[in-house]
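Please read the structure below before turning to the comments.
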Amino acid sequence: MKLKYLPHCIALATGLLAAQNAAAEGALLWQDNSLSYLNGDNFNEMNFNDEEQRSQSTYTFEHASGWTWGDVFMFFDYVNADNTQYRGSNFGNLDIDEKSNFYYMEIQPRVSLSWLTGQDLSFGPIKDVKAAFMYEKGTGGPGTENYLYGIGLDWDAPGFAFLQTNLYQVKVNNHIFFDHDFQASDAGNGYTEQLTIAGAYPFAIGDQSFVVDGYIDWRAPSKEANTQTSLGSSIQIKWDAGKALFGEERKLYVGTELNMWHNKYGIKPIDGSTDGFDQAAVQALVKYHF
């Protein structure tokens with residue numbers, strides 16, 4: 001297995017975390033880091049053929065932290081997909097990989113407007129209002145590189161460890177779309193909107209602890225980038241194995257992830273049809289927090 005991108009992702013993550021701590025050590029309220037391994041099948045690699053529904057393994061580094069000025073969430077995926085995959089980022093530049101190795105990452109800082117203005121902006125079930133930003137970059141599928149900015153809300157929801165909604169304006173860059181013979185059009189650039197809902201809900205069955213967490217992304221169509229409405233989500237259901245086996249809470253989790261898409265990546269065929277790529281992939285999951 002080629003780990004071409006993994007060292008770069010780890011180095012970037014380490015550098016970002018070191019820079020954060022060096023720049024604002026006194027402002028850090030909490031942080032959590034984790035490494036995950038996922039393996040599953042039924043992934044749609046957008047090939048229009050029988051090579052679909054193959055397996056893939058994903059290695060993930062995640063970081064979440066709370067600061068006096070807001071919060072940060074970031075993750076880096078290295079994916080080893082057991083499938084032929086077509087991918088590209090501009091006209092005439094399509095790669096075909098028999099065993100597709102690629103990476104995907106998101107960096108999501110949010111700035112508290114209560115902190116920024118010096119006014120308490122909480123009201124009703126809203127705990128805070130935040131200026132939300134995101135950078136997306138990947139080498140799989142259409143070769144994503146998008147910039148997002150908007151408004152985030154933190155909710156006081158009973159039972160939830162956290163619940164947030166973020167409404168973004170999305171700058172779509174170099175989005176590929178195909179016909180059924182995989183002839184690529186010119187790369188699409190444009191703007192659209194995205195609503196993201198993210199949360200975590202811990203619960204117990206007897207003396208065993210569990211948590212359900214994840215996100216749902218809804219993205220509107222973009223006429224300029226020629227994308228269509230898409231809906232994607234990753235939901236994890238995890239058992240606190242560290243607590244049950246070693247007496248260490250919230251360290252080692254074992255569980256499953258359901259990764260779902262309707263119109264994956266919003267990719268729109270050139271032929272003008274409403275065809276898209278749907279997915280419902282189930283993965284086994286091991287996750288360690290440090």
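Filter region 105-154 down to the residues that are among the β-branched types (V, I, T) and within 19 Å of G199 (Cα to Cα) and list them by number.
I107, V111, I126, V129, I151
Would you please name the residue that is modelled with the lowest pLDDT, looking only at residues in region 58-85 that are within 16 Å of Q279 (Cβ to Cβ) and assigned to a strand (DSSP E or B)?
Q85
State which residue is surrounded by the fewest Cβ atoms within 10 Å (Cβ to Cβ) when the search covers only region 193-222 and only residues that are outside any strand (DSSP E or B) and among the small types (G, A, S).
G206
Please go through region 138-169 and pick out each residue that is surrounded by fewer than 19 Cβ atoms within 10 Å (Cβ to Cβ) and assigned to a strand (DSSP E or B).
Residues satisfying the conditions are E145, Y147, Y149, I151, L153, W155, F162, T165, L167, Q169.
Just need a number here: residues in region 224-239 that are in contact (Cβ under 8 Å) with a residue 40 or more places away in the chain and aliphatic (A, V, I, L, M).
Of the residues in that region, 1 qualify.
Please specify each residue of region 66-81 satisfying the condition of being crowded, with 20+ Cβ neighbours inside 10 Å and over 17 Å from V129 (Cα atoms).
Correct list: M74, F76, D77, Y78, V79.
In region 223-290, which strands (runs of 3 or more DSSP E) lie fully inside it and hold 1 or more residues that are touching a helix residue (DSSP H, G or I) at 6+ places or on another chain (Cβ under 7 Å) and closer than 25 Å to G140 by Cβ?
Here the list reads 230-240, 279-289.
The values are calculated or read from the model by the stated rules, or taken from the named source; none is laboratory data. The shown structure was predicted, so the numbers you read here are calculated from the model rather than taken from an experiment. Positions of Cβ are backbone-derived with ideal geometry, glycine not excepted, and every protein chain shown enters the neighbour counts.
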